Every structure is written in C-alpha cells, then in structure tokens.
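First up is the structure itself, then whatever we jot down about it.
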Amino acid sequence: MTVTALPSLDTPIAFIGGGNMASALIGGLLRQGLPAAQLEVVEPFEPARAALAQAFGVTAQAAPSPALARARLVLWAVKPQTFAAAAREVRTHAAPGALHLSVAAGITTDSIAHWLGSERIVRAMPNTPALVGRGMTGLYARPQVDAAARALVEQVLEPTGQLLWLQDEAQLDAVTALSGSGPAYVFLFLEAMARAGTEMGLTEAQARQLALATFQGASELAARSGDAPALLRQRVTSPGGTTHAAISHMQQHQVPEQFIAAMHAAQARAQAMAAEFGKDHEAIP
C-alpha cells in the first residue's frame, strides 16, 4: 500500500481516546512524517497513556486542556456510551472551526453536531484489521464538510486500509453489521474450522495454519476474480464430492440464512445504540 505524505507537516491533530484504533491511526500518521509533537492525545486511562509513550513517543494527557485549540482535526476514538460526556469536556477547548472525525459506533452526526455545536463532522466505521493496515472503513460527511476536509480525512485513514464514502448516513449501520463487526464473524469461522481440524486428527498448529491460509487465499481469489462469490463456490462444489457434502449440510441447517439474520441483528443494535447513547437529555446546552 502506498503511503502518501500529508500536504503539510505542521497539521496539528487531536485524538480524544488513545486505545487500539487511535494507536493504529497515530502510527500511520507518524509513518507519513507527522511529528509526534503535532499530536494532542487525551486518554484518561493511565496504562493506555504509557503504551502510547512507549510505542510512539507521544505524551497523552489525562484530561482536555487549552492545547486542543490548535488542532485542525479532532479525531474521536471514544466508546459510544462516553461520547456525550467527553464532548462536554472537549467543547470548551476545541477550535470552533476544527474538523471532527468520529470512529465511535452508533453515534450519529446529528448527535455529535448537537453536542459540539459544529457541522464539520465526518463519521467513520473502521474495523480491527486497520491495526495491520488491512482494514475497511465506511465514511459519511455532513454537507458542510468540503473537499479539502475530505482529503485530510482520507490521508489520516489511508494507512489503515480501504475507504468507502457513503451518501446516506443510515448506510453506516449496514457497514457496521457487515465490515465493522465482520472480523468477529471470520474469527468465529476460523475457530470452528480449527476445532474441526483437531477433532479430525490434526494438531492445533496444523489446523490453525490450514484455516488461516484458506481464508486468506479464498479472499484473495475472490478479490482478484471478476466472478460472483456464488459462481466461485459452484466451481469448487462438485456434485457428490466432499465440498458438496459440507455445503449441503450447511444449507440444510440454514447456515446462510442464520448468518444473514445475525448481520441484521448487528444492524438493529447499531440503530439502537444511536437512540440509547445519543439521547437529547445528554445534550450540551
């Protein structure tokens, strides 16, 4: 993946939250050439602050301070249930014209705009493969976010993997269900495949290697092929063969239908989180 340098190396960026996703983004920015001194990080959890200092030489603060006012971009990497409280603390310090980028699941830009008193908001839904530069992130920008601001967001997120802009914010709930939560589905299938392998006489190491390589190879084949996944599946499913036996068993037990229903459940939960954690009574006056 090509890493593009930021147009300016004096672009101050603030992170509200310094956990895993923030760490992935901070690492990417530093690799692009942004000096650590240009980062302001607010992280109340002391072990997380220590980890940032050790990994990147970044000094994180336990609470917001006037130093946030210099940030051109404020990146929100907090838990959905703590967003409103964090916004209450940050709003008095952040620059009025700052661009806000949220990676918090389920929190709508309407809620964020209400809490922060700003319309310059981009909402992102990344996933955990961003930690190794192979993530997938869905993005939505409010109308007040111009092309230059979108370009800055793209440069910040580029080291994490692929990006997809959406025209309708409601689609982010589907992104959450599909790719945001998706790595856990893959891990579940990897777990099941490895377990089956050991039950059939392989060692744990052998079963894990086979399962991982199969997922990696099949995903790469699907990505390079112009054919639909259904056609790719049919090509390796000979009637009466071993693959046919496995696929038939899963279809008889409605595994595809249950899998689709599970993703609808994830989408519904994302919608519920927006209502639960974006309530008006938590708004900042």
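Observations, loosely collected:
- Filtering region 180-221 to residues that are in contact (Cβ under 8 Å) with a residue 24 or more places away in the chain and more than 21 Å from Val255 (Cβ to Cβ) leaves only Gly180.
- Check on Ala48, within 28 Å of Ala274 (Cα to Cα) and touching a helix residue (DSSP H, G or I) at 6+ places or on another chain (Cβ under 7 Å): no
- You will find that of Ala53, Ala87, Ala71, the residue that is within 20 Å of Arg142 (Cα to Cα), out of contact with any helix residue (DSSP H, G or I) (no Cβ under 7 Å at 6 or more places or on another chain), among the hydrophobic types (A, V, I, L, M, F, W, C) and in the same structural domain as Pro129 (by TED's automatic domain parsing) is Ala71 and no other.
- Wholly enclosed strands (runs of 3 or more DSSP E) of region 1-103 bearing at least 1 residues touching a residue at least 12 places away in the same chain (Cβ under 8 Å) and not hydrophobic (A, V, I, L, M, F, W, C): 39-42, 99-102
- In the set Ala95, Ala77, Ala71, Ala60, only one residue is in contact with a Lys or Arg (Cβ under 9 Å, 6 or more places away or on another chain) and buried (at least 18 other Cβ atoms within 10 Å of the Cβ); that residue is Ala60.
- Test for Ala230: is it closer than 30 Å to Leu101 by Cβ, out of contact with any helix residue (DSSP H, G or I) (no Cβ under 7 Å at 6 or more places or on another chain), exposed (fewer than 12 other Cβ atoms within 10 Å of the Cβ) and without any contact (Cβ under 8 Å) to a residue 12 or more places away in the chain: no
- Residue check, Arg195 out of contact with any Asp or Glu (no Cβ under 8 Å at 6 or more places or on another chain), at pLDDT 95 or above and surrounded by 10 or more Cβ atoms within 10 Å (Cβ to Cβ): yes
- From the options Val41, Val3, Val74, residue that is at pLDDT 95 or above and farther than 30 Å from Gln267 by Cα: Val41
The values are calculated or read from the model by the stated rules, or taken from the named source; none is laboratory data. Not measured: the values here are computed from a predicted model. Heads up, the Cβs are rebuilt from the backbone with ideal geometry, glycines too, and the neighbour counts pull from every protein chain shown.
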